[in-house]
1. Output ³J(HN,Hα) for segment 178-184: one whole-Hz value per residue in order, computed from phi by the Karplus curve 6.51 cos²θ - 1.76 cosθ + 1.60 with θ = phi - 60°, and x for Gly and Pro.
2. With an 8 Å Cα cut-off and a minimum separation of 6 or more residues, compute the relative contact order for segment 30-183 in percent.
3. Could you list, in their original order, any pairs among K36/K93; K20/K191; K27/K109 whose Cα atoms are separated by more than 32 Å?
4. Tell me the per residue accessible area of segment 7-64 using a 1.4 Å probe; a whole number in Å² is fine.
Amino acid sequence: MNQENKLPAGPLLFLVAYSKLLNCANKGDTSSKALKSYGILNAIAWFQASGESVSAPRLAEYFGVTPTGVRHLLEYLKRLKLIEVVEHRENFKKWHELSVPEPMVAFLKEVQRVIGDPEGAHVEGSNIGLLIHHTSCQIRERRRPSETPTCALQAIGFFIFLARLNAQFGPVTRGKLAACLDMHPNSFRGKLDYLQHLGLITIRAVRADNHPGREEHISAGEAIVAEFRHWDLRLQQDTELRNCCEDNETFRRRKRGAA
């Protein structure tokens, strides 16, 4: 079965969601919050695809972060209409179940149908959903004592953002990353170190074009970069999805500067 032809909306909706998280922020919504929300969104989708019910306490336990921190991220995802929260009541007990758009779940279910257990599947050369899942698991499970659970959660989003940026521009510098994220380069120094330690990115010193010194070029693995390049091209061809949100730099800066 050609998975790409069967469920083209799944990967595209993930890309649209990533764009919304960073570019449709209100004043006070930081890039750090958006990057952490990447990991939360992906986890909810995979839990659903595996037939598991997912709640805020379940996510907090999974990532090792506080329930309060998770709730703030869920509020952000809900405001951007990337998740739904369904209230259940039974015998005076109340709980909230989380869900993402069905095409995302359907895409990941098809991934699981084709490859079987995603934890044991071969990753290299595989599809974007599986590559992101395996990368997220590595970042979450292999963190060193120097990395907090919150740092690891943010590193998931940071890696996804970097890989997509590589797909558009090739290797990037710290300055390019900082400009695109509206963050100071020092604020993500630890995450670059951690991702490099895991072997998920490479950092090479090369001769700079505009001055006599050298600069660092940062790249994610070619397999995931190639997948992002493919699906970003598909997204550019899908007018309806591309225009579903004003996710562009001008819109982002206007919203953040609003009173």
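1. Each residue's phi maps through the Karplus curve to give 4, 5, 6, 9, 6, 10, 6 Hz.
2. Relative contact order comes out at 30 percent.
3. Details: K36/K93 30 Å; K20/K191 22 Å; K27/K109 36 Å.
Table pairs above 32 Å Cα-Cα are K27/K109.
4. Details: 1670 Å² over 58 residues.
That works out to 29 Å² per residue.
The values are calculated or read from the model by the stated rules, or taken from the named source; none is laboratory data. Keep in mind that this is a model prediction, so the values were computed, not measured. Calculation scope for accessible area: heavy atoms of the full protein, side chains included, ligands and nucleic acids excluded. Shrake-Rupley method; radii C 1.70, N 1.55, O 1.52, S 1.80 Å.
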